[in-house]
Amino acid sequence: MEWFSTLSLALGSAWTSGINLYATVSVLGLLQKVGGVKLPGGLDVLDNWWIIGFAGGLYVVEFFADKIPYVDSVWDVVHTFIRVPAGAVVAYAAVADMDPSITIPATLIGGGFAFASHGTKAAARIGANLSPEPVSNWLLSLFEDFVAFVGTLLAVFAPVAIAVVLIVFVVFFFWFFNKIYRAIVRLFRAAAGFFRGDSFEEVARKAG
């Protein structure tokens with residue numbers, strides 16, 4: 001069942017990339033570098049201290065930015081164009097040694113999972129930003145970090161468990177699709193404004 005383990009790793013790590021890309025890359029890199037894990041396909045490139053250090057540094061930046069109301073929404077706006085393609089790349093790298101009939105669909109589905117998890121994260125943040133106190137943002141951000149770390153570990157060590165998590169997430173995503181869809185639309189509008197040169201406050205208002 002090596003194919004199942006590889007596919008679960010590909011889709012699971014793509015999903016966590018949509019939540020926290022830098023945590024995912026850092027964990028995968030450290031697992032191979034010091035944890036004795038042999039990652040499949042092209043993911044072995046993450047066995048590099050420069051990549052691990054760079055991803056870890058960006059994770060630290062995101063750790064703080066993600067806990068400030070409205071700053072987190074602007075951060076999500078920018079990362080709409082980073083997490084999703086990166087999730088597809090991670091999925092592709094994991095299945096790179098498999099048959100193209102598997103590689104191509106896995107890459108597309110991985111990108112879809114990254115997009116769905118990113119959109120769900122953004123929708124949750126928009127709801128949290130409606131609250132005047134910052135505690136909900138901190139708790140939600142810590143929970144997202146926890147999910148990203150644990151999800152990546154499950155993708156590597158427990159393929160059946162991460163497959164179950166992904167199935168549950170898909171059910172959840174379609175159950176709340178309308179709310180998530182509206183959040184994604186707002187996110188793209190804010191992203192368009194960001195690239196047009198809108199102010200920080202205007203981007204945050206559109207996103208949140």
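Here are a few things to note about the model shown:
- The slack in the chain from residue 50 to residue 101, taken as 0.36 nm per residue of separation less the alpha-carbon distance, amounts to 15.1 nm.
- If R0 is 45 Å, the Cβ-Cβ spacing of residue 181 and residue 160 corresponds to a FRET efficiency of close to 0.90.
- Sparse-neighbourhood loop sites, trypsin sites (Lys or Arg not before Pro) in segment 9-91 - DSSP loop, at most 11 other Cβ within 10 angstrom: 38
- Gain in span if fully extended, residue 172 to residue 138, counting 0.36 nm per residue against the direct Cα distance: 10.0 nm
- Flagged links, alpha-carbon separation over 32 Å, of 33/121; 38/67; 38/179: 38/67; 38/179
No lab work stands behind these numbers, since they all come straight from the coordinates. The model shown is predicted, which means the values in this text are computed figures rather than measured ones. Note that we place each Cβ from the backbone using ideal geometry, even for glycine, and neighbour counts take in every protein chain shown.
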